[in-house]
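Here's the structure, in structure tokens; my notes come after.
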Amino acid sequence: MVEQDTIKLLRECDAGIKMGVSAIDEVMSYAKSEDLRKTLQHSMQENEILKNDLQMALADYHDDGKEPNPIAKSMSWVKTNMKLKMNESDSTIAGLIMDGCNMGIKSINEYLNQYQAADERSKNIAKRLISTEEKLSFDMRQFL
């Protein structure tokens, strides 16, 4: 049970990181403020470090991870592009990123509760992901 819960939790974290990196990458070119671009780039770097740790943990279980849900990814893309077409502002970007962070925080917390038998290493990765999302959401407030 421990190994199954561990792999499932790591997979969900993998999909979450991929979704977050994709969302940041999608809005980066619209950012007007250098401070916003730097904040987004810093978050991408934090996600890359976390992704590397996650990939090593997945490799220990001989697992390739998980891609984000294609429907969720498509819906995110549509929402992002519609909102940015209506208003290409840093405030719009900040709101979109905060919405994504909040969904990620909620999802990963649900998976932490669902996969309670997961090992401590994977739980720590999940908690670090949550912390990264919380920090980015907080950092976006100044751009609203």
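The values are calculated or read from the model by the stated rules, or taken from the named source; none is laboratory data. Note that the coordinates shown come from a computational prediction; the quantities given were computed from them, not determined experimentally. Every residue, glycine as well, gets a Cβ built from its backbone with ideal geometry; the counts of neighbours run over all protein chains shown. Accessible surface is based on the protein model in full, side chains and every heavy atom, while ligands, DNA and RNA are left aside. Shrake-Rupley method; radii C 1.70, N 1.55, O 1.52, S 1.80 Å.
Listing for the model above:
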read-out	value
Neighbourhood charge, 12 Å Cβ-Cβ cut-off, centred on residue 42 and excluding it, Lys, Arg +1 and Asp, Glu -1	-1
Nearest-0.05 FRET efficiency for residue 44 and residue 85, computed from C-beta distance (R0 25 Å)	0.60
Computed Kirkwood radius, in angstrom, where 1/r is averaged over Cα pairs of the chain	15.5 Å
Residue 78/residue 142 FRET efficiency (R0 22 Å; Cβ-Cβ; nearest 0.05)	0.25
Proportion of all alpha-carbon pairs of the stretch 46-101 beyond 12 Å (%)	74 percent
Which of 59, 19, 113, positive extreme of dipole for the chain (C-beta unit charges)	19
Relative pair counts by distance (%), Cα atoms of the stretch 19-73, 10 Å bins	21, 40, 29, 9, 1
Whole-percent carbon and sulfur share, accessible surface of the chain, 1.4 Å	53 percent
Tensor-based shape of the stretch 66-132 (alpha-carbon gyration tensor, a/c under 1.5 rounded, otherwise prolate or oblate)	prolate
Choice from 82, 103, 44 showing the highest fluctuation, given a GNM over the chain with Cα pairs closer than 10 Å	82
